[in-house]
Amino acid sequence: MKQFVLFIAVLLVTQFSTAQQVELWMQSRMDGELALGSGDTTEFWGFGLYTPPIIPKDIEFVGPVLRFVEGDSISVHFLNNSPEDHTIHWHGLDVDQANDGVPTTSSVVDPDSNRVYSFVATHAGTFNYHCHVFTTFHLSMGMYGLIVVDPDTSRNTIYTGGPRYTQEHNWLASELNRNWNDNPISPGLMTLYDATHGMLNGKYGAQLQDGSHDIIGTTDDTIAVRLSSMGYGKVRFIFPPEAEAEIHMSDGRQIPSVIATDTIDVYSGERFTVLLKPSAAINSTVEIVYSDVRSNEEITTNEIPIYIGVTDLDEQNIENGISILGNPFQGQLKVFVHNEAIQTLTIYSMDGKLMGSENVTPGENTLTTQLLSGTYLIHSPKMNGALRVVSY
Amino acid sequence: MNKIFLIAAFLLGWSNISKGAVIDDTLYIHRDTVTMAELLVNRCVLNPTSTFEKRNAYIDISIGDDLQLTIINTDSIAHDLGVSNIVSLGTVNASDTVTFSHTFNGFGTFGIAITSTLGYQLGAQATVRVGIPNQSFMWNLWEMNDTLSLDLGNGITSSIPTDYYPNVNTINGEAHPETVADTLGRVIGNVGDSIYISVVNSGNIVHTIHFHGYHVKIVQATQNTSVINWTKDSPVVQPRETMTLLLVPDKPGMYPVHDHNLISVLTQNSYGGGMITNITIQP
Ligand SMILES: [Cu+2]
Ligand SMILES: [Cu+2]
């Protein structure tokens, strides 16, 4: 036993000293096409990562999430692959003046030109990047993204010495004013900005109901949710009370004392790190309400499904209508269905990826899976959450 | 600790409390039409003299001071006053003069504001800085729509409509780049300095102040007190909220600081105006 403990200690030490030199290549383009659903599209400008020497056309709405480790020295090779000036401002990372990305105090990157931005990620937390040329317009066109700085490569604490989480969700809220995206040549008076869409990670409405953003877990989980807003109004996140949301960080810094609250208002440029420690089964949604700060009127609401299962076995039967027979399992997962309304069961990975789905009938069912070893969640829309199953 | 020391400490404490001085000051309520951020607006202010200035006054006092404030109303209508939206002081009728008294027992940034509708909408709020050290700066924020302000001033309308599109965005009465020439607002200092910034939102909407280059500590706030002692790069200031920020620069540089609600960094239709100023830190 002693030898085993020692082995773990060595492993931890080697994992924790992981700051390094990071190089990445980013481009900006002004020819993005954004799908708004039902065949409807609009234009966007944005950022994308690439691997030199090949420069594919890909830019993303919103920009790719950049992930660094606290202490990393980062070099971003930025290619402005477009006909107008752009920059990258590292919002909240407090970089030196030359790398700050502001045209008047730093410099712009001319069309078809490039430069290297160099900085150190000094603090763990949530940050943003965005173009700072004619920002009111360029940011709105789509030139922004999220940055997560982990305290170390183990990626399960929110700051050094801070609480651990078992799963995470990174949510960048923003707005779309499609009147500008439809007609970037002559957008009209900037002061007349009006958001037409409230976005989360570049999607809105039904686009967020495809399972890709669902929070699926159990009462054993501690779920980190990083909130950020690049919109121009107020974004209010409302979590179900049983999710027991707590604010632990804001703007890339630990806050002096944890705040327990279901409702978190995020204004333009702010970030919050929230931990959910669900206390009961949840089959509900996180409401995201976007409002205009001038009129105080609501623009739109997005809903993110949240399914939390209880891990107590007795409660599994009563609350969920299924029992897991033989957990952990290998290859074949036996499930007893008590509730005839449950007709399909779906298996998700812990980070919310859909792994498979099968029809079931009341009584004993055998689901054949090809899951790698690990923990998974089994869920049905008729269930009061999700149950944790372990494949080995 | 002996008895004599305890008595001395008690006397010291007692003399500190009683040391609060009586401070006499006078402010004028002026309302006039003036050009701000290149547009003609109706503007209401609390000024230190009988001459109209588009910038609101500020008063520096010590903790515990009793401010005896004489308000001379040069406007044609009555105005109600308060210590921001914390304490109501009373009414000054048109062309009348009233003296109010308020003791400021806490450190930080406060406002002497017109709380009745028109003066509030048109941004009348003076800053009272209580016990703030010498190296300090002040941002008194006001946003408005030019046509709306004229309609409000003429009594054509009396409320901010839901289709409110501010096009006049100011710090201490100026829009960028004029804000950079304002020594009260433009932050200049050295690495390691303790720089206090008083932020006063005299506008009608929330403003989020984004710092480039540095995080600041919110050392005092009058509305969202849960953020006191938070370190942020984007502090949020609600309408009529007053707040004190502490900046201790860790590196030299010249950086913008601006409202991150990006419709507020416009002067008319041109980007790079409005609520932007500058922080310049020498080594
Ligand atoms: Cu740009
Ligand atoms: Cu920003």
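The values are calculated or read from the model by the stated rules, or taken from the named source; none is laboratory data. Computed from a predicted structure; not experimentally measured. Don't worry about glycine lacking a Cβ; one is built from the backbone with ideal geometry, like all the others, and counts go over all protein chains shown. The accessibility values were calculated without ligands, DNA or RNA, using every heavy atom of the protein model including side chains. Shrake-Rupley method; radii C 1.70, N 1.55, O 1.52, S 1.80 Å.
Which of the listed residues, B:Val45, B:Leu246, B:Thr26, is farthest toward the dipole's positive end in segment B:21-282, when Lys, Arg count +1 and Asp, Glu count -1 at the beta-carbon?
The Cα lying farthest towards the positive end belongs to B:Leu246.
Share of segment A:314-391's accessible area from carbon and sulfur, percent, 1.4 Å?
Details: 1880 of 3990 Å².
On segment A:314-391, the fraction of accessible area on carbon and sulfur atoms equals 47 percent.
Specify the inter-centroid distance of segment A:199-224 and segment B:118-133, based on alpha-carbon positions, in whole Å.
After rounding, the separation between the Cα centres reads 44 Å.
Compute the distribution of all C-alpha to C-alpha distances in segment A:15-150, in bins of 10 Å from 0, and list the percent of pairs in each, rounded to whole numbers.
Histogramming segment A:15-150 at 10 Å steps yields 13, 44, 32, 10, 1 percent.
Anything over 32 Å Cα to Cα? Flag those among A:Lys234/B:Lys217; A:Lys57/A:Lys353; A:Lys234/A:Lys353; A:Lys382/B:Lys232; A:Lys277/B:Lys251; A:Lys234/B:Lys54, in the order listed.
Working: A:Lys234/B:Lys217 22 Å; A:Lys57/A:Lys353 27 Å; A:Lys234/A:Lys353 30 Å; A:Lys382/B:Lys232 43 Å; A:Lys277/B:Lys251 39 Å; A:Lys234/B:Lys54 30 Å.
Those over the limit are A:Lys382/B:Lys232; A:Lys277/B:Lys251.
How large is the accessible surface per residue of segment A:314-391, computed with a 1.4 Å probe and reported in Å² as a whole number? Intermediate values should be presented prior to the final figure.
Working: 3990 Å² over 78 residues.
Dividing the accessible area of segment A:314-391 by its residue count gives 51 Å².
What share of the DSSP beta bridges in segment A:167-309 is antiparallel, in percent to the nearest 5? Please report the intermediate quantities before stating the final value.
Details: 40 of 51 bridges.
For segment A:167-309, the DSSP antiparallel bridge percentage is about 80.
Give me the net charge for the shell around B:Arg186: Cβ to Cβ below 15 angstrom, other residues only, Lys and Arg +1, Asp and Glu -1. Intermediate results must be reported in sequence, preceding the final value.
Working: positive: B:Arg55; negative: B:Glu174, B:Glu178, B:Asp182, B:Asp193.
Charge balance near B:Arg186 sits at -3.
Among B:Leu152, B:Thr267, B:Gln282, pick out the residue whose Cα is farthest towards the positive end of the charge dipole of segment B:21-282, where Lys and Arg carry +1 and Asp and Glu carry -1 on C-beta, about the Cα centre.
B:Gln282
What are the residues whose amide H is under 5 Å from the amide H of A:His197, where those residues sit 5 or more places off or on another chain and H is modelled from the backbone?
When sequence neighbours closer than 5 places are left aside, the close amide H contacts are A:Leu176, A:Arg178.
How big is the gap, in Å, between the Cα center of segment A:143-163 and the Cα center of segment B:193-259?
The distance from the Cα centre of segment A:143-163 to that of segment B:193-259 comes to 24 Å.
How big a patch of accessible area, both sides summed and in Å² to the nearest 100, lies buried between A and B at a 1.4 Å probe? Intermediate results must be reported in sequence, preceding the final value.
Working: alone 17640 and 12510 Å², together 26710 Å².
Roughly 3400 Å².
Considering the Cα positions of the protein assembly as shown, please state its Rg to one decimal place and its Dmax as a whole number of Å.
Radius of gyration, then largest Cα-Cα span, for the protein assembly as shown: 28.2, 88 Å.
Relative contact order (percent) for chain B, with alpha-carbon contacts under 8 angstrom and 6 or more residues of separation? Intermediate results must be reported in sequence, preceding the final value.
Working: 752 pairs, mean separation 47.5, N = 283.
Normalised by residue count, the contact order of chain B is 17 percent.
Reported to two decimal places, what Rg/Rh ratio describes chain B when computed on Cα atoms with Rh from the Kirkwood expression?
Ratio of gyration radius to Kirkwood radius for chain B: 1.00.
Which whole-number percent is the relative contact order of segment B:182-283 (Cα, under 8 Å, 6+ apart)? Spell out each step's value before the answer.
Numbers: 231 pairs, mean separation 36.1, N = 102.
Taking the mean separation of contacting Cα pairs over the length of segment B:182-283, I get 35 percent.
Which sequence of A:Tyr50, B:Tyr255, A:Tyr392 reflects their accessible areas, 1.4 Å probe, from the largest down?
Details: A:Tyr50 30, B:Tyr255 0, A:Tyr392 135 Å².
Order by accessible area, largest first: A:Tyr392, A:Tyr50, B:Tyr255.
I'd like to know which of A:Gly125, A:Leu189, A:Thr87 lies farthest towards the positive end of the charge dipole of chain A, counting +1 on Cβ of Lys and Arg and -1 on Cβ of Asp and Glu.
Highest projection toward the positive end goes to A:Gly125.
Across bins of 5 angstrom width beginning at 0, how are the C-alpha pair distances of segment A:65-140 distributed, in whole percent?
3, 17, 26, 26, 17, 9, 2, 0
Can you tell me what share of the DSSP beta bridges in segment A:105-253 is antiparallel? A percent to the nearest 5 is fine. Mind dumping the intermediate values first?
Working: 13 of 20 bridges.
Here the antiparallel bridges make up roughly 65 percent for segment A:105-253.
Only protein chains counted, 1.4 angstrom probe. Which residues of segment A:88-134 are at least 30 Å² less accessible in the assembly than when their chain is isolated?
The answer is A:His91, A:Asp94, A:Gln97, A:Asp100, A:Thr105, A:His132, A:Phe134 - residues whose exposure falls by at least 30 Å² when every protein chain is included.
Between A:Ile55 and B:Thr162, how high is the FRET efficiency from 1/(1 + (r/R0)^6) when r is the Cβ-Cβ distance and R₀ = 51 Å? Nearest 0.05. List each step's numbers first, then the result.
Details: r = 46 Å, r/R0 = 0.91.
After rounding, the FRET efficiency stands at 0.65.
Rounded to the nearest 20 Debye, what is the dipole magnitude of segment B:21-282 about its Cα centre when Lys and Arg each give +1 and Asp and Glu each give -1 at the C-beta? Don't skip to the answer; put the middle values down first.
Values: 10 positive and 23 negative charges, 95 e Å.
That gives segment B:21-282 a dipole magnitude of about 460 debye.
State, as an integer percentage, the relative contact order of chain A based on alpha-carbon contacts under 8 Å between residues 6 or more apart. Show your work: numbers first, answer last.
Numbers: 1013 pairs, mean separation 46.1, N = 392.
Relative contact order here is 12 percent.
About the Cα centre of segment A:314-391, what is the dipole size in debye to 20, counting +1 per Lys and Arg Cβ and -1 per Asp and Glu Cβ, all else neutral? Intermediate values should be presented prior to the final figure.
Numbers: 4 positive and 7 negative charges, 44 e Å.
Roughly 220 debye for segment A:314-391.
Roughly speaking, to the nearest percent, how much of chain B's 1.4 Å accessible area is carbon and sulfur? Can you show the working numbers first?
On the way: 5720 of 10730 Å².
Whole-percent figure for carbon plus sulfur exposure: 53.
For segment A:167-309, what does the accessible surface come to per residue with a 1.4 Å probe? Please give it in Å². Provide the component values of the computation, followed by the final result.
Values: 4390 Å² over 143 residues.
Accessible area per residue, segment A:167-309: 31 Å².
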